[in-house]
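The values are calculated or read from the model by the stated rules, or taken from the named source; none is laboratory data. As the structure is a prediction and not an experimental result, all values here were calculated from the model. All Cβ positions, even for glycine, are placed from backbone atoms using ideal geometry, and neighbour counts span all protein chains on display. When the accessible area is computed, the model is the full protein with side chains, heavy atoms only, and any ligands, DNA or RNA have been set aside. Shrake-Rupley method; radii C 1.70, N 1.55, O 1.52, S 1.80 Å.
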Amino acid sequence: MTNGLKITVIGGGSSYTPELIEGFIIRANELPVEEIHLVDIEEGKVKLNVIYELTKRMIKKAGLKTQIFQTLDRKKAIENSDFVVTQIRVGGLQSRAKDEKIPLKYDVIGQETTGAGGFAKAMRTIPVILEICREIEELAPNAWLINFTNPVSIITEMVLKHTKVKTMGLCNVPIGMINNIAKILGYESNRLKIDFVGLNHMVYGKKVYLDGEEITKDVLTKLAEGGSVTMKNIPDLVWDRDFIYALGLIPCPYHRYFYMTDEMLEDEKKALAEKGTRAEQVMKIEAALFELYKKVELEEKPKELEERGGAYYSDAAVSLISAIYNDKGEVHTVNIHNNGGIMGLPEDVVVEVNAVIGRAGAKPIASGKLPTQINGLLQAVKSYELLTVEAGLRGDYNTALMALMANPLVPSIKVAKKILDDILRENVDYLPQFNKRNLI
Ligand code: G6P
């Protein structure tokens, strides 16, 4: 047992870890972190060691006493943790590249977290996160699980429904939207607030405020005029002017896959031919990042990390951890059970909404009735997510097929079956549940 906080980062060898460590350094005065345990698997051992050494240099430079550990022993790291952060990629970037390529073979969007690609990622990830949760239940029952592992909605849905672990799912899209919108309007981002409603990677800004005054119309006008709100991993295709005014809400960057499917598909196919899928591009960015991380002179998060889509996620993560620990009553955008947040979606499904955060957890802020223009899409994607959780736990082909058919990005039974068969074949080493082992 430690006096200060014990934080365990599963997927500690991730190139994003310096982000997280920077977050802890910035908030050292409000978060007494005594130990950070970086956990990884055998295949990630080399990267883990590079991150471990860099983390130690960062902590030393900041003049902190926090002890850093690296380990492959996940259970030992989890034991008595106060917070467990999960940022894993089951199957690595190679599997991500397959997720992106398989649907493209059939002229269907191939994306890491949305559509059929996200489905494949969920199938690989659900068994591992379930195992981690069983360990938390046993070894650190009071710990909070802060999950970044994608697809965040689906993973959070699974954890809340099938385990006893206290969790919130977190993403950098809301914070990214605030930063981007502030930039196109020319304001400091801390002056902006957005009421977010929706699902992860499917979240809308319902109202935008500048110093408390509503400016939603100004933001819509900027977007309609071609203002760019995106992330590094999403092509910045310009929104249709009429659509933005008709929608009357601020779409998130991922909405392009659903509302501009044809253009996004063309863009993906072109990218595949010219520079490879996003996973293949990320492999190059990662290799360069790790070369940098190895340099002993490097003692802080390098600027180059901003090339990744998840840049700045530490702001979201560590400020959330601090809001829980310090019982701040601050508003954060998190993935939690709806519980009255959005009228029109069931109470017990996971949504991405603004919530008041304290030691007891998150209380969603009621955002009223789901606007009709987004109701259909959200219901469809939520059905897809619920079916995906069930398919991922039971390894049931028919449920998996229904999950894909519920996804608006999958066009027909014929195509869904082809994609599903490819996914099952290409991921055979990572899908114990489909090898006739029911996980629940
Ligand atoms: C966005 C998403 C993250 C995702 C990331 C991918 O920021 O919010 O959930 O992991 O992009 O970025 P990458 O650099 O790996 O393509």
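Could you tell me whether any residue of segment 163-184 is of a type outside the set (Asp, Glu) and over 28 Å from Tyr312 (Cβ atoms)? Yes, there is a match, as at least one residue in segment 163-184 is of a type outside the set (Asp, Glu) and over 28 Å from Tyr312 (Cβ atoms).
Residue check: Ala28 meets all listed conditions (1) buried (at least 22 other Cβ atoms within 10 Å of the Cβ); (2) over 23 Å from the mean Cα position of the chain (by Cα) but one, namely (1). Under the condition of being in a loop (DSSP other than H, G, I, E, B) and under 17 Å from Glu385 (Cβ atoms), the residues counted in segment 340-361 number 7. With respect to the conditions (1) outside any loop (DSSP other than H, G, I, E, B); (2) more than 16 Å from the ligand (Cβ to nearest atom), Ile146 lacks only one, and its number is (2). Among all residues of segment 59-80, there is none that is at pLDDT 95 or above, within 16 Å of the ligand (Cβ to nearest atom) and touching a His at 6+ places or on another chain (Cβ under 7 Å).
Considering the conditions (1) under 20 Å from Lys206 (Cβ atoms); (2) open to solvent by less than 20 Å² (accessible area, probe 1.4 Å); (3) among the β-branched types (Val, Ile, Thr); (4) within 16 Å of the ligand (Cβ to nearest atom), Thr230 is excluded by exactly one of them, (2). When restricted to residues that are open to solvent by 50 Å² or more (accessible area, probe 1.4 Å), away from the ligand (no atom under 13 Å from the Cβ) and in contact (Cβ under 8 Å) with a residue 24 or more places away in the chain, segment 256-289 contains 4. Checking each residue in segment 166-223 for being under 18 Å from Val356 (Cα atoms), open to solvent by 40 Å² or more (accessible area, probe 1.4 Å) and within 16 Å of the ligand (Cβ to nearest atom) picks out only Ile175. Among residues that are open to solvent by less than 30 Å² (accessible area, probe 1.4 Å), in contact (Cβ under 8 Å) with a residue 40 or more places away in the chain and not β-branched (Val, Ile, Thr), Gly310 is included.
Could you check, for segment 237-244, whether at least one of its residues is open to solvent by 80 Å² or more (accessible area, probe 1.4 Å) and either in contact with a Pro (Cβ under 6 Å, 6 or more places away or on another chain) or within 29 Å of Lys47 (Cα to Cα) (or both)?
Here is the first cut: in segment 237-244, the ones open to solvent by 80 Å² or more (accessible area, probe 1.4 Å) are 238, 240-242.
Then drop every residue that is not either in contact with a Pro (Cβ under 6 Å, 6 or more places away or on another chain) or within 29 Å of Lys47 (Cα to Cα) (or both), which leaves none.
No, every residue in segment 237-244 fails to be open to solvent by 80 Å² or more (accessible area, probe 1.4 Å) and either in contact with a Pro (Cβ under 6 Å, 6 or more places away or on another chain) or within 29 Å of Lys47 (Cα to Cα) (or both).
Checking each residue in segment 31-44 for being open to solvent by 40 Å² or more (accessible area, probe 1.4 Å) and in a helix (DSSP H, G or I) picks out Glu42, Glu43. Taking residues in segment 102-113 that are at positive phi, and partners anywhere that are more than 16 Å from the ligand (Cβ to nearest atom) and open to solvent by 10 Å² or more (accessible area, probe 1.4 Å), the pairs with Cβ atoms closer than 9 Å and at least 6 places apart or on different chains are Asp107/Leu265; Asp107/Lys269; Asp107/Pro411; Asp107/Val415.
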